[in-house]
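Have a look at the structure below, then the notes.
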Amino acid sequence: MSSTPDNFEPRIVAFLCNWCSYTGADLAGISRMNYPANVRAIRLMCSGSVKPFFIMSALHKGADGVLIGGCHIGDCHYQTGNHLTKKRIPITRELLGALGIDPRRVRLEWISAAEGQEFAEVIHEFVKELKALGPNPLAGGDHAH
Amino acid sequence: MKTIKLKINGIETEAPDRTPLLQAAERMGIRIPTLCHHPLLEPYGVCRICTVEVRIRNRVRMVTACNYPVTNGIEVFTDSERVRRNRRMILEWMLARCGHVPVLNRLAEEYGVTEPRFGRGDDDCILCGLCVKVCSEVVGANVLGFFDRGPNRTVSTAYDRTSDRCITCGACAQVCPTGAIRIKDDQEGIYQAMPMGPLTSINIDFMQAVPRKAVIDRDSCIHFKTGKCQVCVDVCEAKAIDHKQEDRVEEVEVGTILLTTGFQLQDPRVLKEYGYGKYKNIMTSLDFEVLNNAGGPTAGKILTADGKVPKSIGIVHCVGSRDQKYHEYCSRVCCMYALKFAHLIKEKIHGCEVYNFYIDMRCFGKGYEEFYNRLLREGVNFVRGKVAEINDAALDPSEEGKLIMRAEDTMIGVVRRIPVDMVVLCLAMEAKPEAKHLSHLFSCSTGKDGFFTEKHPKLAPVSTPADGIFIAGACQGPKDIPDTVAQAGAAASAALSLIQRGEVETEAVTATIQEEMCSGCQICVGVCPYTAITYDKGKNKSSINDALCKGCGTCVAACPAGAAYQKHFRDQQIFAEIDGILAI
C-alpha cells in the first residue's frame with residue numbers, strides 16, 4: 001500500500017439511475033453545488049438494472065467505494081425497478097462481507113431529480129467515510145493515489 | 001286548448017278556456033291587487049283583495065280573480081265602484097288585525113281608507129298563507145301550518161316549537177308580503193350574513209369561470225333535502241335543469257396529458273401570531289379579492305365586518321413564504337397583488353391609510369417597478385420589516401376595536417406599533433397535498449416543496465420524465481398569470497406537436513433475450529413492470545415485446561443466465577466504463 005491516510009483520495013464509482021439520481025447529480029452541477037471530485041458516475045436506466053456483478057467488478061478493479069443511486073421508493077420511473085434494488089443491494093453487501101470486503105464500501109441512496117443538495121451531501125459523507133476506511137485492499141499499488 | 005272570448009273592463013280579449021281570471025287580466029296589462037297570490041303556488045283565494053265583478057249573461061257575481069276560471073262570454077269589471085267598495089271593506093277588516101303593515105296601508109291609501117272603522121290591530125301576519133303553502137307545496141318541508149280558528153287563527157309551527165324538519169331555506173320569509181317572518185341570524189357581522197361564497201344553491205362559480213355555466217350545489221339545494229321544490233325547472237326557459245344528473249367517472253383514451261392541477265393557499269391558521277380566525281377583519285388575500293369584487297358580498301365595497309369603511313388597512317407580504325419555518329421559497333406573486341390591493345384601496349376609499357409590510361419588494365416583471373414607483377407617489381406607506389404579531393390589545397380608547405400590528409421597521413431601526421381597521425395576509429402559494437399522489441400516477445416527480453419537477457429547468461421546462469405528460473402553471477411552482485399563460489401555451493404546443501406527428505418514437509434502449517442462452521426460468525417475467533415479457537411454453541423460452549418494453553433493464557439484472565441484455569447498456573459497455581473511469 002503506497003498511499004498514506006493523509007493524501008488518500010478514495011475513488012467512488014456511482015451507478016445512477018437516469019431519471020432520479022443522475023438528474024439529481026446533474027442538478028447539483030447546474031446549481032453549482034460543491035462536492036468532492038472523487039465520484040465518477042455511470043448512468044443506467046434504472047437502479048434495478050445494477051447487477052451485483054457490476055459492483056463486484058468495480059471493487060475488483062480498484063474502486064474504493066460504490067454508490068448506487070435510485071429514485072425514492074414509489075417514485076421509480078419504471079414503477080417497481082427500485083424495489084428490486086432495495087432487495088438486491090443488502091444481499092450484495094452481505095456477500096461482500098463474506099468475501100472480506102467491508103460492506104460499508106457499498107452504499108445505496110435514494111436521490112430524487114430535485115435533490116441536488118442531497119446528492120452533494122451524500123458524496124461528502126461517503127468520501128469522509130471512505131477516507132476513514134482507507135484504500136480498498138483489492139486495489140493494486142499502481143491504482144492507489 | 002280551446003280559446004274563449006271575454007270582455008275585461010269593456011275590452012274584448014281572448015284567453016285559453018278556464019285560465020284563472022287574474023292571469024287573463026295580467027296578460028292584458030290590467031293590474032288586480034293581490035296579497036295571497038304567487039305564480040309558483042296554487043291559487044288560494046284567501047285574502048279576497050282580488051275580488052272583481054263578473055257578469056255571466058245577466059247575473060252579476062263578486063268572485064276572486066286568482067282562482068276564477070274564465071269561460072266564454074263573461075264580462076269582467078276589475079275596478080268598478082262596487083269592486084272598490086268591496087276592497088275598501090276587506091281592507092278595513094284586515095287593518096283591524098294588522099293596522100301597521102306597510103303593504104296593507106299602501107293599498108288602503110289607494111282605495112281611500114284613511115280611518116278604518118274597526119281600529120288598527122298590531123299583528124304583522126295577514127294570514128295570506130303564502131308561507132304555509134310555499135313550505136308544503138314548493139319546499140316540501142311541511143313545517144308551517146294554520147292553527148286555531150276565527151279571530152284566533154295563527155300561522156306557526158307544530159306546538160309553537162322550533163321544528164327539526166325546518167331546513168332554514170328561508171322561502172317562507174321570502175314570500176311573506178308583510179315581513180312578518182324573519183330569519184334569525186345567530187351570527188354577527190356582514191360577512192356572516194353575506195358569506196364569502198355562493199349566496200344561492202344555484203350559482204356560477206365565478207364571473208370568469210370556463211365554461212360559464214350554472215351549477216346546483218347539492219348540499220344546499222332544497223330538492224335534494226326534501227325531494228320537492230324544483231322551482232328552477234319551471235323557471236328555466238331553456239329546460240336545462242336536470243336534478244337527476246349524477247357524477248360520472250368516464251374513461252377517456254388520450255395520447256398526451258397536461259398536468260395543470262394548480263396550487264392552494266396556505267392555511268392562515270397555522271400562523272398563530274397573525275390571529276386569523278381569532279380576530280375579526282383579518283383576511284387572506286383571496287378573501288380580500290372576494291370582498292373587493294363587484295360581484296362579492298358587499299358589491300365591491302371594502303367594508304369591515306361591522307359594515308364600516310376602514311380608515312386604515314395593513315397588508316402583510318411574505319406570510320408563510322421566504323420563511324424558514326414554513327416555506328423557504330418566494331411565492332412570487334404576492335408583492336404585485338399586494339401593490340394592486342393598495343392601489344385599489346386608495347382608489348376606493350379616499351384618505352385610507354395603507355401599510356405594506358414587506359421584506360423585499362420583488363417587482364420583477366415588465367412595468368412592475370414602474371407600478372411600485374407610482375404607488376410610492378400615491379402615498380401608500382411601505383414598512384420594511386416582517387410583522388411579528390397582530391392582536392387587539394388597545395392602549396387607549398381610540399384604539400378600541402382596532403388591530404394592532406407590531407413590526408420592526410428595519411429602515412429606521414425601530415419597532416413600530418400600527419393600529420389598523422383591517423389586515424390582509426398575503427399567504428404563500430403551496431403545492432396541493434394530492435400532488436404527491438398525482439406524481440405517482442403520472443410517473444413524474446415532485447420537488448421538496450411538493451411542486452412537480454420539470455424534466456430540465458432550462459431546456460425542458462414543460463416536460464416531465466414521462467413521455468407525453470406535460471406540466472404548466474402553479475403546480476410546477478408559484479407563478480403569476482402571464483408566466484402561467486406562457487407556460488401553458490408552451491405545454492399545449494408541445495402536446496400538440498406530438499399529436500400532429502401522429503407517431504411516437506419507441507424506446508431505443510429496450511432489452512432483448514438471447515434465445516440460445518435462455519433457460520426458461522421466467523424470473524424476468526416476474527420482475528417486468530410492463531408485462532412486456534412473455535414465456536413460450538413450447539420453446540421453454542421467454543421473449544420481450546419491443547413495443548411494450550420501456551428499457552428499465554431490471555430483467556437484465558435479474559437474469560441468472562445472462563441471457564437478457566439491454567441495448568446501449570450491455571455488460572461489456574458497463575465494464576468498459578468502469579475500466580475507463582478507474583484508469584484515471
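Looking at the structure I just gave you, is B:Ser331 in contact with a Ser or Thr (Cβ under 8 Å, 6 or more places away or on another chain) and open to solvent by less than 10 Å² (accessible area, probe 1.4 Å)? Judged against the criteria, B:Ser331 is a match.
Filtered by the rule that a residue be open to solvent by 70 Å² or more (accessible area, probe 1.4 Å) and within 14 Å of chain A (Cβ to nearest Cβ), region B:407-441 gives B:Lys436, B:His437, B:His440, B:Leu441.
Identify all residues within region A:61-74 that are more than 9 Å from every other protein chain (Cβ to nearest Cβ) and either in a loop (DSSP other than H, G, I, E, B) or more than 18 Å from A:Glu129 (Cα to Cα) (or both); write none if there are none.
Looking only at region A:61-74, we keep the residues that are more than 9 Å from every other protein chain (Cβ to nearest Cβ), and these are A:64-70, A:73.
The answer is A:Asp64, A:Gly70, A:Ile73.
For region B:117-174, filtered to residues that are open to solvent by 80 Å² or more (accessible area, probe 1.4 Å) and acidic (Asp, Glu), the residue that is farthest from the chain's Cα centre (by Cα) is B:Asp148.
Scanning region A:77-124 for residues that are basic (Lys, Arg) and more than 9 Å from chain B (Cβ to nearest Cβ) returns A:Lys86, A:Lys87, A:Arg93, A:Arg104, A:Arg105, A:Arg107.
Can we say B:Ile578 is within 9 Å of chain A (Cβ to nearest Cβ), hydrophobic (A, V, I, L, M, F, W, C), over 26 Å from B:Ala466 (Cβ atoms) and more than 53 Å from the chain's Cα centre (by Cα)? Walk me through how you get there before you give the answer.
Details: within 9 Å of chain A (Cβ to nearest Cβ): yes; hydrophobic (A, V, I, L, M, F, W, C): yes; over 26 Å from B:Ala466 (Cβ atoms): yes; more than 53 Å from the chain's Cα centre (by Cα): yes.
Against the criterion (within 9 Å of chain A (Cβ to nearest Cβ), hydrophobic (A, V, I, L, M, F, W, C), over 26 Å from B:Ala466 (Cβ atoms) and more than 53 Å from the chain's Cα centre (by Cα)), B:Ile578 qualifies.
Taking region B:559-575 as the range and being within 23 Å of B:Thr534 (Cβ to Cβ) and either within 7 Å of chain A (Cβ to nearest Cβ) or surrounded by 21 or more Cβ atoms within 10 Å (Cβ to Cβ) (or both) as the test, the residues that pass are B:Cys559, B:Ala563, B:Ala564, B:Gln566, B:Phe569.
Given region B:321-415, what strands (runs of 3 or more DSSP E) lie entirely inside it while holding 1 or more residues that are under 31 Å from the mean Cα position of the chain (by Cα) and either of a type outside the set (Lys, Arg) or at pLDDT 95 or above (or both)?
On the way: elements: B:353-358, B:381-384, B:387-391, B:403-409.
Answer list for region B:321-415: B:353-358, B:387-391, B:403-409.
The set of residues from region B:268-286 being of a type in the set (S, T, N, Q) and at positive phi comprises just one member, B:Asn281. Restricting the search to region B:301-328, which residues are more than 18 Å from B:Phe288 (Cα to Cα) and either of a type in the set (S, T, N, Q) or open to solvent by 30 Å² or more (accessible area, probe 1.4 Å) (or both)? Selection gives B:Ser321, B:Arg322, B:Gln324, B:Lys325, B:Tyr326, B:His327, B:Glu328. Against the test of being closer than 30 Å to B:Lys458 by Cβ and in contact with an Asp or Glu (Cβ under 7 Å, 6 or more places away or on another chain), the options A:Leu16, A:Leu67, A:Leu44 yield a single qualifying residue, A:Leu67. Apart from one condition, A:Ala41 fits all of (1) touching a residue at least 40 places away in the same chain (Cβ under 8 Å); (2) within 9 Å of chain B (Cβ to nearest Cβ); (3) under 19 Å from A:Val127 (Cα atoms); (4) in contact with a strand residue (DSSP E or B) (Cβ under 7 Å, 6 or more places away or on another chain); the exception is (1).
Selection of region B:530-575 for residues being over 53 Å from the mean Cα position of the chain (by Cα), β-branched (Val, Ile, Thr) and under 14 Å from B:Thr512 (Cβ atoms) yields only B:Val556.
Condition test on B:Met429, is it modelled with pLDDT of 95 or more and within 17 Å of B:Asp480 (Cβ to Cβ)? Yes; evaluated as a whole, the condition is true for this residue.
For region A:56-77, the count of residues that are in contact with a helix residue (DSSP H, G or I) (Cβ under 7 Å, 6 or more places away or on another chain) and open to solvent by 60 Å² or more (accessible area, probe 1.4 Å) is nonzero. Check region A:28-38 and report whether any residue there is within 12 Å of chain B (Cβ to nearest Cβ), part of a loop (DSSP other than H, G, I, E, B) and closer than 28 Å to B:Pro529 by Cα. No, the conditions are met nowhere in region A:28-38. Among the residues of region B:225-241, those that are more than 21 Å from B:Val175 (Cα to Cα) and surrounded by 10 or more Cβ atoms within 10 Å (Cβ to Cβ) comprise B:Ala240, B:Ile241.
Looking only at region B:55-73, residues that are of a type outside the set (S, T, N, Q) and surrounded by 21 or more Cβ atoms within 10 Å (Cβ to Cβ) come to 4 in all.
The values are calculated or read from the model by the stated rules, or taken from the named source; none is laboratory data. The model shown is predicted, which means the values in this text are computed figures rather than measured ones. Glycine gets a Cβ as well: all are built from the backbone with ideal geometry, and neighbour counts include every protein chain shown. All accessible areas refer to the heavy atoms of the entire protein, side chains included, with ligands and DNA or RNA removed. Shrake-Rupley method; radii C 1.70, N 1.55, O 1.52, S 1.80 Å.
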